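To start, the structure under review is shown below, and the notes come after it.
The values are calculated or read from the model by the stated rules, or taken from the named source; none is laboratory data. Just so we're clear, the structure is a prediction, and the values are computed from it rather than from any experiment. Here the Cβ positions follow ideal geometry from the backbone for every residue, glycine too, while neighbour counts run over all protein chains shown. SASA here: full protein model, heavy atoms, side chains in, ligands and nucleic acids out. Shrake-Rupley method; radii C 1.70, N 1.55, O 1.52, S 1.80 Å.
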Amino acid sequence: MNVIVTGGAGFIGSHVARLLVNKYPDSRIIVVDALTYAGNPANLDDVRRKPNFRFVKADICDFEAILALMREEKVDGVIHLAAETHVDRSIRDPFVFARTNVMGTLSLLEAARRYWGETGGFTAPDGGRRLFYHISTDEVYGALDLTCPEGVVPEFAPAGAHPAYGKDFFTEDLKYSPHSPYSASKASSDHFVRSYHDTYGMPTLVTNCSNNYGPYQFPEKLIPLVINNIRTRREIPVYGRGENVRDWLHVEDHARAVDLVFHRGEPGSTYNIGGFNEWKNIDIIRLIIKVADRLLGRKEGEDLGLVTFVRDRAGHDLRYAIDSSKIRRELGWTPEYSFEEGIEQTVRWYLTNTAWLDAVTSGEYLKYYDSMYGV
Ligand code: NAD
Ligand code: DAU
């Protein structure tokens, strides 16, 4: 297949592109990315020269450019990850979230519908399905309680994992209830994607995933920010009392789920992806300090003093918890990383790849792009 991966120079997109390029040498993987502050071509260094890989700098809102690319590459599938993704930025500047996440997704959907319409519809010439796969987030479901006493034990929750904090979970049939401009924009884009399935019969897929962690995440997000601040001995800002709960999944496990859904998911379906791995922010921060202090050869707990409680995020969702039973039951997906293993690998990666961290925090990588791709 010839597959466009939008947002492939970002955190999750680069892992998805890497997996597909390496696993499917006969497929062509075309990364489309506008290279905003969050996009970094260095994230793709190890696959850049592979013959089945191409990078195209383009904005998903540029309908003509995307349509021309689809025609040129005879695209069979789109895996759509490009987005504005940071909740705090969405609180400061909601417009760019509506532009990229809502209008950009709609523009991409319309380009796919137009191109596939020109070339025989939603079935490829070899009989295979044309697919539009939209990557979304658990944040569209809203927030859960910390203490909900009632609920159904998720079928695939590992023993001991339930109830970590509350007895309620996000399931695929839950009504959307987004709270931040970011999650509202993702919810809107999810609705547009489903409308293309229901209205035009486009084979669409949607997955809603929990918080990802791992290498190549922009250090405005909690985990790389904490590691970088420990490394450079700067304050670690904890919003509110650090009581909010997130369900953490290693990014490579998410990428494996994306591969599985793209190849085996039932068109028109939604799958929730998550690790049954809930942590309070303050607990995960303390754990990272412990691991980082050990790896840096510092005294255990030496950096606990960096923890600084700051004003809470506006509209801060209390708890996210995904019930990922459906993808486990129907597609046989299961995470491969244990959390202990994943967090150790992640902390080690950031402490080792300090040049990457320094470049993205200084903006140096934007110059790197010019020299790499001759723009
Ligand atoms: P990211 O911010 O690291 O990367 C986003 C990428 O999109 C960047 O490379 C950026 O340059 C590109 N981009 C932004 N606007 C663009 C535009 N207009 N045109 C083309 N490219 C554009 O994001 P991420 O954390 O890797 O998230 C990827 C996707 O996964 C997003 O859709 C996000 O909503 C979803 N998601 C993220 C998480 C998470 O924990 N990070 C969890 C669930 C779902
Ligand atoms: O749940 C999936 C979502 O996870 C994705 O859709 C988003 O794109 C991604 O950014 C992430 O959203 P969060 O808001 O959960 O992630 P973030 O890393 O910004 O924050 C994680 C938690 O840590 C959250 O409760 C806010 C808190 N936090 C965050 C930062 C950056 C702090 O306490 N201090 C901080 O400095």
Checklist entry - Of all residues in the range 175-187, which are within 18 Å of Ile91 (Cβ to Cβ) and more than 10 Å from ligand 1 (Cβ to nearest atom)? => result Ser177, Pro178, His179, Ser180, Pro181, Ala184, Ala187
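Could you grab me the full set of residues in the range 304-317 that are in a loop (DSSP other than H, G, I, E, B) and touching a strand residue (DSSP E or B) at 6+ places or on another chain (Cβ under 7 Å)? Step through it out loud before you land on a result.
Of the residues in the range 304-317, the ones in a loop (DSSP other than H, G, I, E, B) are 311-317.
Across the range 304-317, the qualifying residues are Asp312, Arg313, His316.
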Next on the checklist: All but one of (1) open to solvent by 20 Å² or more (accessible area, probe 1.4 Å); (2) within 16 Å of ligand 2 (Cβ to nearest atom); (3) touching a Leu at 6+ places or on another chain (Cβ under 7 Å) hold for Val102; state the number of the condition that does not hold.
Outcome noted: (3)
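Looking at Val251, Val238, Val245 in this structure, which one is over 27 Å from Val206 (Cβ atoms) and of a type in the set (A, V, I, L, M)?
On the way: Val251 fails: over 27 Å from Val206 (Cβ atoms); Val245 fails: over 27 Å from Val206 (Cβ atoms).
From the options Val251, Val238, Val245, the qualifying one is Val238.
Please work out if Ala65 is more than 30 Å from His316 (Cβ to Cβ), in a helix (DSSP H, G or I) and open to solvent by 30 Å² or more (accessible area, probe 1.4 Å).
Working: more than 30 Å from His316 (Cβ to Cβ): yes; in a helix (DSSP H, G or I): yes; open to solvent by 30 Å² or more (accessible area, probe 1.4 Å): yes.
The answer is yes for Ala65.
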Next on the checklist: Every residue in the range 37-62 that is in a loop (DSSP other than H, G, I, E, B), more than 16 Å from ligand 2 (Cβ to nearest atom) and open to solvent by 30 Å² or more (accessible area, probe 1.4 Å), please.
Outcome noted: Asp45, Asp46, Arg48, Arg49, Lys50, Pro51, Asp59, Cys61, Asp62
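A quick yes/no check of all residues on (1) over 30 Å from Gly128 (Cβ atoms); (2) among the polar types (S, T, N, Q); (3) in a strand (DSSP E or B); (4) open to solvent by less than 50 Å² (accessible area, probe 1.4 Å):
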position	(1), (2), (3), (4)
Leu260	no, no, no, yes
Ile282	yes, no, no, yes
Ile289	yes, no, no, yes
Glu302	yes, no, no, no
Glu330	no, no, no, no
Tyr337	yes, no, no, no
Gln345	yes, yes, no, no
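Test Ala83 against the stated conditions and say whether it is buried (at least 24 other Cβ atoms within 10 Å of the Cβ), over 18 Å from the mean Cα position of the chain (by Cα) and in contact (Cβ under 8 Å) with a residue 24 or more places away in the chain. Reasoning before the result, please.
Working: buried (at least 24 other Cβ atoms within 10 Å of the Cβ): yes; over 18 Å from the mean Cα position of the chain (by Cα): no; in contact (Cβ under 8 Å) with a residue 24 or more places away in the chain: yes.
Taking the combined requirement at face value, the residue does not satisfy it.
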Next on the checklist: Give me the residue from the range 214-228 that is open to solvent by less than 10 Å² (accessible area, probe 1.4 Å) and within 9 Å of ligand 2 (Cβ to nearest atom) and, out of that set, farthest from the chain's Cα centre (by Cα).
Outcome noted: Val226
Checklist entry - Would you call Ile284 in contact with a Cys (Cβ under 9 Å, 6 or more places away or on another chain), β-branched (Val, Ile, Thr) and within 9 Å of ligand 2 (Cβ to nearest atom)? => result no
Next on the checklist: So His134 ticks every box in (1) away from ligand 2 (no atom under 16 Å from the Cβ); (2) not in a loop (DSSP other than H, G, I, E, B) but one. Which box is left unticked?
Outcome noted: (1)
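From the residues in the range 17-47 that are of a type in the set (D, E, K, R) and touching a strand residue (DSSP E or B) at 6+ places or on another chain (Cβ under 7 Å), which one is farthest from Leu108 (Cα to Cα)?
Within the range 17-47, the first condition is being of a type in the set (D, E, K, R), and the residues that meet it are 18, 23, 26, 28, 33, 45-46.
Going one step further and asking which of them are touching a strand residue (DSSP E or B) at 6+ places or on another chain (Cβ under 7 Å), we end up with 28, 33.
Working: Arg28: 19, Asp33: 13 Å.
Residue satisfying both the conditions and the ranking: Arg28.
Restricting to the range 306-328, count the residues that are more than 11 Å from ligand 2 (Cβ to nearest atom) and open to solvent by less than 60 Å² (accessible area, probe 1.4 Å).
Residues in the range 306-328 being more than 11 Å from ligand 2 (Cβ to nearest atom) and open to solvent by less than 60 Å² (accessible area, probe 1.4 Å): 7 in total.
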Next on the checklist: Every residue in the range 236-257 that is in contact with a Gly (Cβ under 7 Å, 6 or more places away or on another chain) and more than 13 Å from Ser324 (Cβ to Cβ), please.
Outcome noted: His250, Val251, Glu252
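Here is a yes/no grid of residues against (1) within 14 Å of ligand 1 (Cβ to nearest atom); (2) modelled with pLDDT under 95:
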| position | (1), (2) |
| --- | --- |
| Ile91 | no, no |
| Phe97 | yes, no |
| Gly104 | yes, no |
| Arg113 | no, no |
| Phe122 | no, no |
| Tyr133 | yes, no |
| Glu139 | yes, no |
| Phe156 | no, yes |
| Ala161 | no, yes |
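Please pick out the residue among Ala111, Ala83 that is closer than 30 Å to Trp248 by Cα and either in a strand (DSSP E or B) or of a type in the set (A, V, I, L, M) (or both).
On the way: Ala111 fails: closer than 30 Å to Trp248 by Cα.
The conditions single out Ala83.
Residues are listed down the side, and each one gets a yes or a no for (1) away from ligand 1 (no atom under 16 Å from the Cβ); (2) part of a strand (DSSP E or B); (3) surrounded by fewer than 22 Cβ atoms within 10 Å (Cβ to Cβ):
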| residue | (1), (2), (3) |
| --- | --- |
| Asp173 | yes, no, yes |
| Ser189 | no, no, no |
| Arg194 | no, no, yes |
| Val206 | no, yes, no |
| Ile230 | yes, no, no |
| Arg234 | yes, no, yes |
Checklist entry - Residue check: is Asp46 touching a Gly at 6+ places or on another chain (Cβ under 8 Å) and more than 16 Å from ligand 1 (Cβ to nearest atom)? => result no
